[in-house]
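What follows draws every value from the coordinates through simple rules; no lab data is involved. Computed from a predicted model, the values in this text were never measured in an experiment. A quick note on method: Cβ atoms are made from the backbone with ideal geometry, for glycine too, and the neighbour counts reach across all protein chains shown.
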Amino acid sequence: MRTMKAVQVAKAGGPLEVVERDVPEPGAGQVLIKIQACGICHSDALTKEGQWPGLEYPRVPGHEIAGVIDKVGAGVEGWQAGQRVGVGWHGGHCGRCEHCRRGDFVLCQRALVPGISYDGGYAEFMVAPVEALARIPDDLSDVDAAPLLCAGITTFNALRNSGARAGDVVAVLGIGGLGHLGVQFARKMGFVTVAIARGQDKASLAKELGAHHYIDSTAVNVAEALQALGGARVILATVTSGKAMSAVVGGLGLNGKLIMVGLSEEPVEVPIAQFIMGRNSVQGWPSGTSADSQDTLAFSALSGIKPMIEEFPLTKAAEAYDRMMSGAARFRVVLNTGQ
């Protein structure tokens with residue numbers, strides 16, 4: 001029996017600990033993946049702190065996984081050993097619930113999430129169902145691909161389903177782990193790209209990422225600044241503040257839409273008269289399926305879009321996790337298991 005290193009949480013609120021485990025065997029409809037890289041996401045706290053109902057321990061976190069198929073289980077078609085694959089938040093679906101029957105697999109009522117429903121990517125190997133797999137382009141590295149399977153797909157998929165057309169004004173609120181990718185995607189999709197963040201010190205970074213305009217929310221009225229540009233067709237809100245989102249909705253143009261991908265417990269307040277007369281709307285967007293992940297990776301490789309990352313070895317997962325959760329990282333942290 002082969003063995004591997006894995007980083008697990010033994011109980012809710014427990015530490016991340018490096019352990020030795022047997023390499024698992026793939027069952028029917030599953031593949032064994034040799035993990036090359038795994039991004040650390042703020043959502044990994046759901047596993048670390050036991051914030052997901054019914055979560056079983058010990059559990060290996062991680063849902064931004066890039067690797068190579070090591071072995072295929074019975075009944076697997078279209079996938080073979082040696083293929084580069086990624087696995088994101090969408091880690092499987094039942095195919096039977098009402099949402100699945102209508103093709104909304106990411107909203108499956110029995111959805112599986114790597115690192116929560118089954119062991120994830122903080123390890124040298126993992127098993128995943130075939131419906132969770134996305135192909136990784138040859139010219140995209142593993143460490144660059146990993147964050148695109150969560151932060152990348154979330155922003156890319158929200159923008160491409162937003163209804164905005166090339167030439168429309170699209171603003172990205174926040175230039176963090178999600179926003180720095182959102183700005184790149186918006187520019188490459190042909191939108192008049194506006195980056196919004198706190199402080200003038202982020203202006204140069206925004207321009208480097210591709211923003212045509214930068215708005216310092218501490219210096220000007222963001223809504224007025226957006227209206228001066230003609231009004232935003234879409235504002236992609238990547239921040240974790242409902243108040244910050246509320247402060248920008250006045251910048252929406254006719255048929256403008258605020259799309260929320262950043263989580264906040266604060267409500268978003270909207271000016272009713274503006275929303276009625278401007279046909280404005282607010283929408284949330286929950287990541288995407290494995291096919292959407294594959295599209296994200298392909299578009300990123302085609303357009304030269306890459307996340308800004310810091311790399312750590314698997315054995316320093318606890319340090320890497322703390323750096324990501326503390327906000328010290330700029331912008332994504334990746335465990336490089338292939339080192």
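Identify, from the list Lys257, Lys243, Lys316, the residue that is assigned to a helix (DSSP H, G or I), of a type in the set (Lys, Arg) and over 29 Å from Tyr122 (Cβ atoms). I'd like the intermediate steps shown before the answer.
On the way: Lys257 fails: assigned to a helix (DSSP H, G or I); Lys316 fails: over 29 Å from Tyr122 (Cβ atoms).
Answer to the selection: Lys243.
Apart from one condition, Asp295 fits all of (1) within 23 Å of Val239 (Cβ to Cβ); (2) out of contact with any helix residue (DSSP H, G or I) (no Cβ under 6 Å at 6 or more places or on another chain); (3) touching a residue at least 60 places away in the same chain (Cβ under 8 Å); the exception is (1).
Within segment 8-53, the residues that satisfy the criterion of being under 23 Å from the mean Cα position of the chain (by Cα) and part of a loop (DSSP other than H, G, I, E, B) are Cys41, Glu49, Gly50, Gln51, Trp52, Pro53.
Looking at Arg84, Arg101 in this structure, which one is over 23 Å from Thr155 (Cβ atoms), of a type in the set (Lys, Arg) and out of contact with any Ser or Thr (no Cβ under 6 Å at 6 or more places or on another chain)? Full working, then the answer.
Values: Arg84 fails: over 23 Å from Thr155 (Cβ atoms).
When all the criteria are applied, what remains is Arg101.
Give the residues of segment 242-284 that are touching an Asp or Glu at 6+ places or on another chain (Cβ under 7 Å) and either of a type in the set (A, V, I, L, M) or buried (at least 16 other Cβ atoms within 10 Å of the Cβ) (or both), sorted by residue number. Break it down into steps so the answer makes sense when it comes.
Filtering segment 242-284 down to residues touching an Asp or Glu at 6+ places or on another chain (Cβ under 7 Å) leaves 242-243, 246.
Within segment 242-284, Gly242, Ser246 meet the criteria.
Take the conditions (1) under 26 Å from Val60 (Cβ atoms); (2) in contact with an Asp or Glu (Cβ under 7 Å, 6 or more places away or on another chain); (3) in a helix (DSSP H, G or I); Val334 misses just one of them, which is (3).
When the residues of segment 99-115 are filtered to those that are of a type in the set (A, V, I, L, M, F, W, C) and under 24 Å from Ile33 (Cβ atoms), the one that is farthest from the chain's Cα centre (by Cα) is Cys100.
Taking the criterion of being surrounded by 12 or more Cβ atoms within 10 Å (Cβ to Cβ), in a loop (DSSP other than H, G, I, E, B) and out of contact with any Gly (no Cβ under 7 Å at 6 or more places or on another chain), the residues of segment 70-89 that qualify are Trp79, Ala81, Gln83, Gly88, Trp89.
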